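Working notes, beginning with the structure itself.
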Amino acid sequence: MVSVRSELKAMSHSPNKKVISQSVREQIKANRSNSFKIGRVTEWVVPKLLLVCASLSILVTFGIIYTLLKETVTFFGQVSIIEFVTGTQWTPLFQPQRFGVLPLVAGSVLVALIASIVAIPIGLASAIFLSEYAPDRVRRVIKPILEVLAGVPTIVYGFFALSFVTPLLRVFIPDLGLFNALSAGIVVGIMIIPMVASLSEDAMTAVPRSIREGAYALGATRLEVALKVVVPAAFSGIIASFVLAISRAIGETMIVTIAAGAMPNFTFNPVEPVQTLTAYIVQVSLGDTPFGSIEYYTIYAVGMTLFVLTFVMNMIASWLSRRFKEDY
Amino acid sequence: MSLPREQLKRTLSGRKRFDRLSYLVFLSSTSVGIVVLCTLLIDVLINGIGWLNWDFLTNYPSRRPANAGIKSAFFGTIWMITLTAPIAFVLGVGTAIYLEEYAKKNWFTRFIQVNISNLAGVPSIVFGILGLTLFVRGMGLGRSILAGAFTMALLILPIIVVASQEALKSIPQELRHASYALGGTKWQTIRRIVLPAALPGILTGNILALSRAIGETAPLIMIGALTFVAFTPSSPLDQFTVMPIQIFNWISRPQEDFQYVAAAGIIVLLAMLLTMNALAIYLRNKFQHKF
């Protein structure tokens, strides 16, 4: 090495002296010692920073649960939990104040029920069409269109319910009010069609080809393969998509705020106006409810009810789809 | 011998007829979504196109429908998105890189993963309650753009994380191994090899998530974005309104003319969303390479 270096030194008049004066190995060494410290620190720091980012999502969940729980406890300090769970009148904004949450739950369930009557058959049929019938070319056109349908803001759907669906329904039901559970439910249903369709299609596409071919070999028609082989095989995944879509329908806010009315009605009559859990929260936050009053704390109690309801449904859905995945 | 065959033939033709019929049933069900989408667009266009003019874009909201405009809401939306995007990008992509590249397969990683998919299912209004409690009151940000941007960033975080994870997963291991073989360290490999390759997918996911944020109304109503703002915000701590809230305000008014104003607002909102979606699709197609 030393002799090489001295040789090189002799050549020091050469214009690109720096390049020649070191062997590649030495260059690497030099570079390394220069950047080694910074590099080592980066290699150590970056994963920690990224871990902080990842942990934030857990903090958000705990934040949600903590804020809801804390204020809900304050609320139940003033209102009996039994009245809240079993009461059938909800009038926190008027006198006399009543705090039975059942009318809001009934409103949410009613809207979700109408939505699933619309979305489940259409969504499932679309999924069957896309996974069993449609040639690749057709699927490539239809799927993005369904994605656009899922991307339409809910405020636009609310407008659509009010300006198109309700007038249309009035042709058939003349004494239908401007605000009613039916048109809100139908439009929420339209909103969740893409969700049912694409999740069910995923479940059905995951069914192995060999099972289908076995059925075809026995002389089954396409319809029989779809209904008697593929749908049963993907059943838990399909049910999971239903549960997830219904959970989305319960949590939907703007459509029901605009089109379902603001009447906490303990009813399952679809032509009447109702109020859902979500629509109530919006109503309170639009008004000027004083901070710290009992009316103010109702949004946390209602929010908690909504959170628990949707959380349980999401857990059921993820359990179902996990079960489905283990089959293959 | 000929009898069962005859029977089979008859039932077979029946079953085949059913099969053809079912094709029509499934096809028409699928087209329901498309028909509704077209109806919705036509309904909005018929209602709104007459009110959509230059004045509508440059006027502030007004009590009189003829003078009402969308300027403050448009600028509010732009402000909110420019603040939301970097926050959500850093947090979301950071989380995805951690989960895909660094995390070991243990209970903590699984916990984060389950947690993210749960967050995706939390109703947006609940995020609004969180934003109101944490940012508006807890951190004292008030009803500001910044509080709104934080809330929105948390709302779209799960979408960005999942999309970025998918993008990172699609980068083959060989690319990483090649970088290691040349002496690259882990972070160098991620920063110089993996991230550039995954960037189109990550960006597509981010744009789609942001377009979701533009359309969201409920959480921002919760944190108290105003419905009547006759100025354009000049700092992140200003009060603001966004397009969906302005549209909601117009829809809720009793005067019939405001319905047309709302439709005009919806046209602007949808045009913006379609532009973003088109950009996302363009990015996906342009940079999509097969490894």
For the range B:94-205, the accessible surface attributable to carbon and sulfur atoms (probe 1.4 angstrom, ligands and nucleic acids excluded) amounts in percent to 63
Amide H contacts under 5 Å for residue A:99, restricted to residues at least 5 apart in sequence or on another chain and with H modeled in the peptide plane, are A:91
With every protein chain in place, the residues of the range B:193-217 shedding 20 Å² or more of accessible area versus the chain by itself (probe 1.4 Å) are B:215, B:217
Residue B:107 and residue B:235 label points (each 7 Å along its Cα→Cβ direction) are spaced in nm at 4.8
Over the Cα atoms of the range B:163-291 the radius of gyration and the largest Cα-Cα distance (Dmax), both in Å, equal 21.3, 70
Longest principal axis of chain A (C-alpha) makes with the long axis of helix A:294-326 (C-alpha) an angle, in degrees to the nearest 10, of 60
About its Cα centre, chain B carries a charge dipole, from +1 on Lys and Arg Cβ atoms and -1 on Asp and Glu Cβ atoms, whose size in debye to the nearest 20 is 1160
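Which value, in Å², gives the accessible area per residue of the protein assembly as shown when a 1.4 Å probe is used on the protein heavy atoms?
Details: 30100 Å² over 619 residues.
Here the residues of the protein assembly as shown average 49 Å² of exposed surface.
Which FRET efficiency value, to the nearest 0.05, is calculated for residue B:28 and residue B:90 with the Förster distance at 60 angstrom and r the Cβ-Cβ distance? Walk me through the numbers before you get to the answer.
Working: r = 46 Å, r/R0 = 0.77.
Working from the Cβ atoms, E equals 0.85.
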With all protein chains present, chain A has a carbon and sulfur share of its accessible area (1.4 Å probe) in percent of 67
Heavy-atom accessible surface buried between B and A, both sides counted, 1.4 angstrom probe, nearest 100 Å², is 6200
From the cross-link list A:143/B:169; A:228/B:9; B:105/B:286; A:228/B:16; A:143/A:228, the entries with a Cα-Cα span beyond 27 Å are B:105/B:286
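Applying 1/(1 + (r/R0)^6) with R0 = 22 Å to the Cβ-Cβ distance of residue A:308 and residue A:93, what FRET efficiency is obtained, to the nearest 0.05? Mind showing how you got there, number by number?
Details: r = 23 Å, r/R0 = 1.05.
Calculated transfer efficiency: 0.40.
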Residues from the range A:223-264 losing no less than 40 square angstrom of accessible surface in the full protein assembly compared with the chain alone, 1.4 angstrom probe, ligands and nucleic acids excluded, are A:223, A:254
When the charge dipole of the range B:1-96 is computed with +1 on Lys and Arg Cβ and -1 on Asp and Glu Cβ about the Cα centre, the Cα farthest towards its positive end, among B:52, B:39, B:95, belongs to B:39
Of the residues B:211, A:262, A:141, the Cα lying farthest along the dipole of the protein assembly as shown towards its positive end, which is defined by charges on the beta carbon of Lys, Arg, Asp and Glu, belongs to A:141
Rounded to 0.05, the calculated FRET efficiency for the beta carbons of residue A:269 and residue B:6 at R₀ = 51 Å is 0.40
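The values are calculated or read from the model by the stated rules, or taken from the named source; none is laboratory data. Quick caveat: nothing in here was measured; it's all calculated off a predicted structure. All Cβ positions, glycine included, derive from the backbone under ideal geometry; neighbour counts span all protein chains shown. Heads up: the accessible areas ignore ligands, DNA and RNA and are worked out on the full protein's heavy atoms, side chains in. Shrake-Rupley method; radii C 1.70, N 1.55, O 1.52, S 1.80 Å.
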